[in-house]
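S.K.: Here's a structure for you.
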Amino acid sequence: MTVGAGDLPADVFKMIVDMTAYPFVVIAPDGFIRYAGGSVERLLGWLPEQIAGKNIVDFLPPDQIELAIEAIAEIEQVDREGQGVPMVFQIRRADGELVWVEIGAIPLLDVPGIDDVIVLRERRWEEQYWFDRFVATLLADEPLDDVLAALCRSIAASLEAEGAVVHYRFDGAAFAGAAGFGAPFEQLRLDVGPWCDAALAAVPIAAHVEPASLPCLVGAPAISMGFRTCWTMPVPLSPGLAPAVLSVWRCAAGPPLIGHRHALDRSAQYVQLALVRTAEHDRLRHLAGHDALTGVANRAEFRARLAKALAIGERDVAVAFCDLDDFKPINDNYGHHVGDVVLVEVAARLRACLRTGDELARVGGDEFTVLLRNVPDTAAASHVADRLLAALRDPFHVEGASADIGISVGIALAENGTTADALVERADAALYEVKRAGGRGVHIALPLRSTDDGLDRDSADDGRDPRVPA
């Protein structure tokens, strides 16, 4: 038998309304609150008697008052059949915090025996708000920690938790990092804790621990923040990605129930989505900026890095333009597949001889460039050139034979106002001087100086290194 509201005593019906998960508020068309359900305290921190008699605009931030007035007017004018109008506003809690709240508005207008009122059914909208932020940051290719922070806020709201954290890139002993919201994640050990146990678990299931059982460095701040339980949930594994674990921090004690476990499963899948998409973005970004054969930066990436170094005012920057000598016979005699193997080894040798901060790029078939830092003068440039020449001094072993490959190097030092393209052009011109002299040497372009005729030229000394053949 179905029991209608009219069959229930008024006090019983009121008790049911007060106990519902979503609070009900009744307002007049002018915005004044006639009634507030008891569960409003759980959502907003206000007691019903603190709300009743006040206007709804008293609980809105100034920038949303006009929107609220317009929304109420629309309900009166358009939705007179009581179909319900969803709205989303920020509401001021009793502690002053603004929280996003979804409001379902049902008008009771022109109902016999009832004054015109609008019934508002409220539920916290933080989950959806932060989920939308998560999607936006993910699509915008923002840093992984920012993406996970937005997602963790949504997860915490969905599970009525005070915090959530994602530990990611587990190598079998420790995680590479952690990001989240609400919990003391900056103090969470990356190599000790239930998240490590969850990553190593044979069966990915939700588990819970009490802060008192955590390592002191983690347990103490968690207890001081009022946390009474921590749920952990392994993130589903994806090919090529290291394990990750979601932890949810709650002030309410107890293990996750069936509904919680379902939400944890869904949340872990969203974390997996974030990790997979971010890894794919990183892979594509790497491919776009690196040479597929040698793995070093390509021409476009090199120019971007050089331009950035000059734009931010880095001092003592230089460019080395390198071209291999006697490489063509290897392709002609042994084939391009052997030539590719040699190029990979050339790149490895050059990279190994460079100093910290120097960046190697392959800009052509057998052409390489190097962004050099901490090169204040030609003496420092000459020192780097010695390292580059020495890197290819030993022969290469090709098809059971030894091949002698040399390198020609042109170096140009940046000056005030130098552009990336101009600096590369000067290094290329210096390289040409070496090649014209027979190769296997270095030429350092001297700084430009202003002359009486107003033209910029190389200094009178041609800058040729003594090691360049005459």
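The values are calculated or read from the model by the stated rules, or taken from the named source; none is laboratory data. Everything quoted here is computed from the prediction, not taken from an experiment. Here the Cβ positions follow ideal geometry from the backbone for every residue, glycine too, while neighbour counts run over all protein chains shown. Protein only, heavy atoms only, side chains kept; ligands, DNA and RNA dropped before computing areas. Shrake-Rupley method; radii C 1.70, N 1.55, O 1.52, S 1.80 Å.
S.K.: Looking only at residues in region 172-193 that are open to solvent by less than 20 Å² (accessible area, probe 1.4 Å) and in contact with a Lys or Arg (Cβ under 9 Å, 6 or more places away or on another chain), which one is farthest from L148 (Cα to Cα)?
M.R.: F175
S.K.: Would you point out the residue of region 194-229, among those that are touching a Gly at 6+ places or on another chain (Cβ under 7 Å) and surrounded by 19 or more Cβ atoms within 10 Å (Cβ to Cβ), that is farthest from G254 (Cα to Cα)?
M.R.: V218
S.K.: Does region 345-377 hold any residues that are of a type outside the set (A, V, I, L, M, F, W, C), surrounded by 19 or more Cβ atoms within 10 Å (Cβ to Cβ), within 16 Å of L306 (Cα to Cα) and out of contact with any Asp or Glu (no Cβ under 6 Å at 6 or more places or on another chain), and which are they?
M.R.: Matches in region 345-377: D358, T369.
S.K.: Using the structure shown, decide if L423 is closer than 20 Å to I330 by Cβ, at pLDDT 95 or above, in a helix (DSSP H, G or I) and in contact with a helix residue (DSSP H, G or I) (Cβ under 8 Å, 6 or more places away or on another chain). Working first, answer last.
M.R.: Values: closer than 20 Å to I330 by Cβ: no; at pLDDT 95 or above: yes; in a helix (DSSP H, G or I): yes; in contact with a helix residue (DSSP H, G or I) (Cβ under 8 Å, 6 or more places away or on another chain): yes.
Answer is no for this residue.
S.K.: Looking only at region 305-321, how many residues end up being open to solvent by less than 50 Å² (accessible area, probe 1.4 Å) and either in a helix (DSSP H, G or I) or of a type in the set (A, V, I, L, M) (or both)?
M.R.: Number satisfying all stated conditions: 8.
S.K.: Moving to a separate point now. Considering only region 276-285, how many residues are open to solvent by 50 Å² or more (accessible area, probe 1.4 Å) and either more than 22 Å from D358 (Cβ to Cβ) or touching a Lys or Arg at 6+ places or on another chain (Cβ under 6 Å) (or both)?
M.R.: 6
S.K.: How many of the residues making up region 286-300 are open to solvent by 70 Å² or more (accessible area, probe 1.4 Å) and touching a residue at least 40 places away in the same chain (Cβ under 8 Å)?
M.R.: 1
S.K.: Can you find a residue that is open to solvent by less than 60 Å² (accessible area, probe 1.4 Å) and either over 24 Å from S158 (Cα atoms) or modelled with pLDDT under 90 (or both) anywhere in region 240-248?
M.R.: Start the filter on region 240-248 by keeping residues that are open to solvent by less than 60 Å² (accessible area, probe 1.4 Å), which leaves 241-248.
Filter once more, so that each one left must be either over 24 Å from S158 (Cα atoms) or modelled with pLDDT under 90 (or both): 241-242.
Yes, there is a match, as at least one residue in region 240-248 is open to solvent by less than 60 Å² (accessible area, probe 1.4 Å) and either over 24 Å from S158 (Cα atoms) or modelled with pLDDT under 90 (or both).
S.K.: Out of region 87-130, which residues are open to solvent by less than 60 Å² (accessible area, probe 1.4 Å), at pLDDT 75 or above and not in a strand (DSSP E or B)?
M.R.: R93, A94, G96, E126, Y129, W130
S.K.: Pull out all pairs, ordered by first then second residue, where Cβ-Cβ is under 7 Å, the residues are six or more apart or on different chains, the first lies in region 378-400 and is within 20 Å of T356 (Cβ to Cβ) and open to solvent by 70 Å² or more (accessible area, probe 1.4 Å), and the second is assigned to a helix (DSSP H, G or I) and not aliphatic (A, V, I, L, M).
M.R.: Filtered contacts from region 378-400: R387/C353.
S.K.: Another question about this same structure. Can you find a residue that is of a type in the set (V, I, T), outside any strand (DSSP E or B) and under 20 Å from the mean Cα position of the chain (by Cα) anywhere in region 157-173? Walk me through how you get there before you give the answer.
M.R.: Step one: of region 157-173, the residues of a type in the set (V, I, T) are 165-166.
Imposing the further condition that a residue be outside any strand (DSSP E or B) reduces the set to none.
There is no residue in region 157-173 that is of a type in the set (V, I, T), outside any strand (DSSP E or B) and under 20 Å from the mean Cα position of the chain (by Cα).
S.K.: A further question on this structure: Being without any contact (Cβ under 8 Å) to a residue 12 or more places away in the chain, within 41 Å of the chain's Cα centre (by Cα) and crowded, with 16+ Cβ neighbours inside 10 Å is true for just one of I56, I65. Which residue is that? Write out each step before concluding.
M.R.: Details: I56 fails: without any contact (Cβ under 8 Å) to a residue 12 or more places away in the chain.
Within the list I56, I65, the selection yields I65.
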